[in-house]
Amino acid sequence: DSGVTQTPKHLITATGQRVTLRCSPRSGDLSVYWYQQSLDQGLQFLIQYYNGEERAKGNILERFSAQQFPDLHSELNLSSLELGDSALYFCASSVGPQLNTGELFFGEGSRLTVL
Amino acid sequence: AQSVTQPDIHITVSEGASLELRCNYSYGATPYLFWYVQSPGQGLQLLLKYFSGDTLVQGIKGFEAEFKRSQSSFNLRKPSVHWSDAAEYFCAVGYGGSQGNLIFGKGTKLSVKP
């Protein structure tokens, strides 16, 4: 158990819909990262937050947005869903904003299926 | 652009045999390098990491990796594979800058024959 909690574990929805994925980081971790894992693209970095502020942005679509709340949990919002958004979405957390401040701990992921 | 290549999509080894998983990276400076393992239905677990110093790093579960700057490689090794090592292995590279995101390779799936 990494200490990173993601909900829901599985989600099935239809095209055009909107979903929210939630992540609670490990106790004491201030950085939260979102990754998308799909068969064709592999593991793609989406976005990083540190202590409530956006820190880095990767290949995140405009239909996707995220935020980190004062209690440090994070939510990833996916809207106008398409079939190609079906993937496993991972959240990870770390103590600080940079790699040399500590390792990334990954949650077990939220599997999104868009029908 | 920075990238990570894992040339082997799937490897099968016999239990007790040695293992080497290859990883090559493309990056302008000395990167931070990582190996993660993902078991079915699980998240990613860190096996080992290289930031600087000794180029041979030891990790958990008996794994080790060697950083070779001249070859831009960070291959993962284990002298004797156990059936429980069957999983998918990901090599990742990170920046030394102000952010903590990682770039992952496509992964190598390891199967272990009894």
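The values are calculated or read from the model by the stated rules, or taken from the named source; none is laboratory data. The shown structure was predicted, so the numbers you read here are calculated from the model rather than taken from an experiment. Methodologically, a virtual Cβ is constructed for each residue, glycine included, from the backbone with ideal geometry; neighbour enumeration extends over all protein chains shown.
Consider B:S73 against the criteria (1) over 14 Å from the mean Cα position of the chain (by Cα); (2) away from every other protein chain (no Cβ under 12 Å): it satisfies all of them except one. Which criterion is unmet?
So the condition that B:S73 fails would be (1).
What strands (runs of 3 or more DSSP E) lie completely within the range A:1-84 and have 3 or more residues being modelled with pLDDT of 95 or more and hydrophobic (A, V, I, L, M, F, W, C)? Working first, answer last.
Numbers: elements: A:5-7, A:10-13, A:19-24, A:31-38, A:42-50, A:53-57, A:64-68, A:74-78.
In the range A:1-84, A:19-24 are the strands (runs of 3 or more DSSP E) which contain 3 or more residues that are modelled with pLDDT of 95 or more and hydrophobic (A, V, I, L, M, F, W, C).
Return yes or no: is B:A92 surrounded by 13 or more Cβ atoms within 10 Å (Cβ to Cβ) and modelled with pLDDT of 95 or more?
Working: surrounded by 13 or more Cβ atoms within 10 Å (Cβ to Cβ): yes; modelled with pLDDT of 95 or more: no.
No, not satisfied.
Which numbered condition trips up B:L110, out of (1) of a type in the set (A, V, I, L, M); (2) over 10 Å from the mean Cα position of the chain (by Cα); (3) within 14 Å of another protein chain (Cβ to nearest Cβ); (4) not in a loop (DSSP other than H, G, I, E, B)?
(3)
Using beta carbons and a limit of 7 Å, which pairs, at least six apart or on different chains, have the first residue in the range B:19-35 and aliphatic (A, V, I, L, M) and the second one crowded, with 18+ Cβ neighbours inside 10 Å and not in a strand (DSSP E or B)?
Listed pairs, sorted by first residue: B:L19/B:V81.
Looking at the structure I just gave you, is B:G41 surrounded by fewer than 17 Cβ atoms within 10 Å (Cβ to Cβ) and within 11 Å of chain A (Cβ to nearest Cβ)? It would help to see each step written out before you state the result.
Details: surrounded by fewer than 17 Cβ atoms within 10 Å (Cβ to Cβ): yes; within 11 Å of chain A (Cβ to nearest Cβ): yes.
So B:G41 fits the description; yes.
Taking only the range B:1-21 into account, find how many residues are at pLDDT 95 or above and either polar (S, T, N, Q) or touching an Asp or Glu at 6+ places or on another chain (Cβ under 6 Å) (or both).
Number satisfying all stated conditions: 5.
Is it true that some residue in the range A:87-109 is free of Cβ contacts under 8 Å to residues at least 60 places away in the same chain, within 20 Å of A:P8 (Cα to Cα) and more than 9 Å from chain B (Cβ to nearest Cβ)?
yes
Considering only the range A:1-41, how many residues are buried (at least 18 other Cβ atoms within 10 Å of the Cβ), free of Cβ contacts under 8 Å to residues at least 60 places away in the same chain and under 16 Å from A:N51 (Cα atoms)?
Summing the residues that are buried (at least 18 other Cβ atoms within 10 Å of the Cβ), free of Cβ contacts under 8 Å to residues at least 60 places away in the same chain and under 16 Å from A:N51 (Cα atoms) in the range A:1-41 gives 2.
Kindly establish whether B:P114 is within 24 Å of A:S94 (Cα to Cα), at pLDDT below 95 and out of contact with any Pro (no Cβ under 9 Å at 6 or more places or on another chain). Talk me through it step by step, then tell me what you get.
Working: within 24 Å of A:S94 (Cα to Cα): no; at pLDDT below 95: yes; out of contact with any Pro (no Cβ under 9 Å at 6 or more places or on another chain): yes.
No.
For the range B:20-38, which residues satisfy the criterion of being surrounded by fewer than 19 Cβ atoms within 10 Å (Cβ to Cβ) and either closer than 17 Å to B:Q58 by Cβ or hydrophobic (A, V, I, L, M, F, W, C) (or both)?
Within the range B:20-38, B:E20, B:A29 qualify.
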